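Worksheet for the structure shown next.
The values are calculated or read from the model by the stated rules, or taken from the named source; none is laboratory data. The structure displayed is predicted, hence computed values, not measured ones. No Cβ is skipped: glycine too gets one built from the backbone with ideal geometry, and neighbour counts run over all protein chains shown.
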Amino acid sequence: MIIAGNWKMNCLKNDATILVNELIKEDAFFKESEVIIFPSYLLIPHIYPQIYSTNIKLGAQDCSISGHGAFTGQVSTEMIIDAGCEYVILGHSERRLLCKETSEDVSKKFLKSFSLGLNTIICIGENLKDRENNTYLSVLKKQIKMSLSNFEKFDFYSSNNKLIIAYEPVWAIGTGKVATSENIIEVHEFIKKFIKDYFKTNIDIPVIYGGSVNEENSSEIFKINNVDGVLVGGASLKADSFLKIIENSI
Ligand code: PEP
């Protein structure tokens, strides 16, 4: 199971040290899962020495489309890798909403991050209106198709790095509302099938669920068919909660 903790714009250096120290105490049992934390860019070099010899992996919450140059405020994939990250999250709904990021932008970023060897989590998710109007599957299909549009063919066999899709219904993020098992089963099956058809492959890509996952609801979520892990926001900032989620995944 993949357990990804998106710290968003939280934690100062001292909070991060304390949180990571608490997680590391249980490092031995992280071998069973793929545990990744996504701190802010500035915390990455601070945390890297703490985690580099543990089973915790590091990721960034976004990356630039470009490699270097006059892009004030942006951080390139090369810089992320140089800082010790093996993963990146692209297209999080907060970036789509607050930074007006489109699936076209995600596809350009994905081409860069994946070609340079980062395991890439692409987030997709419908908003409440799409869910209520029953248009959510076509919205999700458009998001995946556009996000992958720079890859006509995808070499699943020879790449060492992974594409992971995170299904995060926007109405479930930070709201305490979790999608039902039926919602998750339907969408995860849909995503896996879409990718198989799109790339004409039999390979099952990992699909993880995100949206108000916590220590109480996670064991039920892990039991759902086709759930390969979770993307956790709020509950990844509390060591006890995040550790309980990891324990529930085993
Ligand atoms: C997220 O932001 O990716 C997320 C799932 O947040 P939360 O767990 O707080 O809903």
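Some notes on this structure:
- Selection within the range 113-126 - farther than 25 Å from Val35 by Cβ and either at pLDDT below 95 or aromatic (Phe, Trp, Tyr) (or both): Ser115
- Across the range 72-97, the number of residues qualifying as over 20 Å from Ile56 (Cβ atoms) and of a type outside the set (Val, Ile, Thr) comes to 13.
- Residues of the range 67-109 that turn out to be under 17 Å from Asn150 (Cβ atoms) and touching a Leu at 6+ places or on another chain (Cβ under 6 Å), as a count: 4
- Given (1) at pLDDT 95 or above; (2) over 27 Å from Cys11 (Cα atoms), index of the condition Gly233 fails: (2)
- Residue within the range 235-246 that is part of a helix (DSSP H, G or I), more than 16 Å from the ligand (Cβ to nearest atom) and closer than 19 Å to Ile2 by Cα present: no
- When we screen Ile18, Ile24 for residues that are more than 26 Å from Glu94 (Cβ to Cβ) and aliphatic (A, V, I, L, M), the only hit is Ile24.
- Selection within the range 108-140 - out of contact with any helix residue (DSSP H, G or I) (no Cβ under 6 Å at 6 or more places or on another chain) and of a type in the set (D, E, K, R): Lys108, Lys109, Lys129, Arg131, Glu132
- Between Phe222, Phe194, the distinction of being farther than 30 Å from Ala28 by Cβ and aromatic (Phe, Trp, Tyr) belongs to Phe194 only.
- Taken residue by residue, the range 127-140 has no member that is in contact (Cβ under 8 Å) with a residue 60 or more places away in the chain, within 16 Å of the ligand (Cβ to nearest atom) and either of a type in the set (A, V, I, L, M, F, W, C) or surrounded by fewer than 15 Cβ atoms within 10 Å (Cβ to Cβ) (or both).
- The lone exception for Glu86 - which of (1) among the charged types (D, E, K, R); (2) out of contact with any strand residue (DSSP E or B) (no Cβ under 7 Å at 6 or more places or on another chain); (3) under 20 Å from Val207 (Cα atoms) it fails: (2)
- When the range 78-97 is limited to residues that are within 14 Å of the ligand (Cβ to nearest atom) and assigned to a helix (DSSP H, G or I), the one that is farthest from Gly117 (Cα to Cα) turns out to be Leu97.
- Residues satisfying the stated conditions in the range 138-188, i.e. over 14 Å from Ile205 (Cα atoms) and among the aromatic types (Phe, Trp, Tyr): Phe151, Trp171
- Every condition in (1) exposed (fewer than 14 other Cβ atoms within 10 Å of the Cβ); (2) part of a loop (DSSP other than H, G, I, E, B); (3) of a type in the set (Asp, Glu) holds for Glu101 except the one numbered (1).
- Filtered residues of the range 1-57 (kept if assigned to a loop (DSSP other than H, G, I, E, B), in contact (Cβ under 8 Å) with a residue 24 or more places away in the chain, away from the ligand (no atom under 16 Å from the Cβ) and of a type in the set (Gly, Ala, Ser)): Ser33
- Here Ser181 fulfils each of the conditions (1) exposed (fewer than 15 other Cβ atoms within 10 Å of the Cβ); (2) within 16 Å of the ligand (Cβ to nearest atom); (3) in contact (Cβ under 8 Å) with a residue 40 or more places away in the chain; (4) within 17 Å of Ile221 (Cα to Cα) apart from (2).
- In the range 196-221, the residues that are in a helix (DSSP H, G or I), touching a helix residue (DSSP H, G or I) at 6+ places or on another chain (Cβ under 9 Å) and surrounded by fewer than 20 Cβ atoms within 10 Å (Cβ to Cβ): Tyr198, Ser219, Glu220
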